[in-house]
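Beneath this line is the structure, given in structure tokens, with notes to follow.
The values are calculated or read from the model by the stated rules, or taken from the named source; none is laboratory data. Since the model is a prediction, treat every value here as computed from it, not as a measurement. FYI the Cβ positions are ideal-geometry reconstructions off the backbone, even for glycines, and counts take in every protein chain you see. Each accessible area value is taken on the protein alone, full model and side chains, heavy atoms only, with ligands, DNA and RNA left out. Shrake-Rupley method; radii C 1.70, N 1.55, O 1.52, S 1.80 Å.
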Amino acid sequence: MEERSVHRKVRTGTVVSDKMQKTVVVSLDRMTKHKLYGKRVLHTKKFYAHDEKNECRVGDTVLIGETRPLSATKCWEVLEIIKRAPVLDAKHEEEEV
């Protein structure tokens with residue numbers, strides 16, 4: 001892992017889509033308490049992250065970091081893959097063999 005600036009945000013999330021070239025969609029979940037009722041509520045936010053080598057696949061847990069705007073929607077990059085997801089798709093099996 002390379003040296004990171006202290007002013008850039010870093011988040012951990014799960015890859016939910018890898019259908020684009022060099023881009024993955026990462027989902028971040030957080031639990032908060034409802035203001036009035038106190039029940040825990042799940043909030044999900046999606047980020048588009050740059051994956052230069054197209055290494056990520058759906059289900060991977062990744063570390064993403066903030067970067068300069070790379071497109072209209074993409075301003076995060078994949079820093080590292082923390083945990084690999086099991087291979088479920090025949091397309092990925094052919095690439096690994």
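If you take the residues in the stretch 40-70 that are outside any strand (DSSP E or B) and among the polar types (S, T, N, Q), which one is farthest from Lys9 (Cα to Cα)? Quick ask: steps written out before the conclusion?
Within the stretch 40-70, the subset outside any strand (DSSP E or B) is 51-60, 67-70.
Within this subset, residues satisfying the condition of being among the polar types (S, T, N, Q) are 54, 67.
Numbers: Asn54: 22, Thr67: 9 Å.
Applying the filter and picking the extreme gives Asn54.
For the stretch 22-40, check the following and say yes or no: at least one residue is on the phi > 0 side of the Ramachandran plot and open to solvent by 80 Å² or more (accessible area, probe 1.4 Å).
The answer is yes; a qualifying residue exists.
Is it fair to say Arg57 is touching a strand residue (DSSP E or B) at 6+ places or on another chain (Cβ under 8 Å), surrounded by fewer than 10 Cβ atoms within 10 Å (Cβ to Cβ) and not hydrophobic (A, V, I, L, M, F, W, C)? Can you show your working first?
Details: touching a strand residue (DSSP E or B) at 6+ places or on another chain (Cβ under 8 Å): yes; surrounded by fewer than 10 Cβ atoms within 10 Å (Cβ to Cβ): no; not hydrophobic (A, V, I, L, M, F, W, C): yes.
Considered against the rule, which asks whether it is touching a strand residue (DSSP E or B) at 6+ places or on another chain (Cβ under 8 Å), surrounded by fewer than 10 Cβ atoms within 10 Å (Cβ to Cβ) and not hydrophobic (A, V, I, L, M, F, W, C), Arg57 comes out as no.
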Candidate set from the stretch 13-31 (those that are under 12 Å from the mean Cα position of the chain (by Cα) and not β-branched (Val, Ile, Thr)); member that is nearest to Cys56 (Cα to Cα): Asp18
In the stretch 1-18, residue modelled with the lowest pLDDT [restricted to those that are assigned to a loop (DSSP other than H, G, I, E, B) and surrounded by 12 or more Cβ atoms within 10 Å (Cβ to Cβ)]: Arg4
Yes/no for Leu79 being aliphatic (A, V, I, L, M) and closer than 14 Å to Val15 by Cβ: yes
The stretch 19-39 residues that are in a loop (DSSP other than H, G, I, E, B), paired with ones that are surrounded by 10 or more Cβ atoms within 10 Å (Cβ to Cβ) (beta carbon under 6 Å, 6 or more apart): Lys22/Asp51; His34/Val41
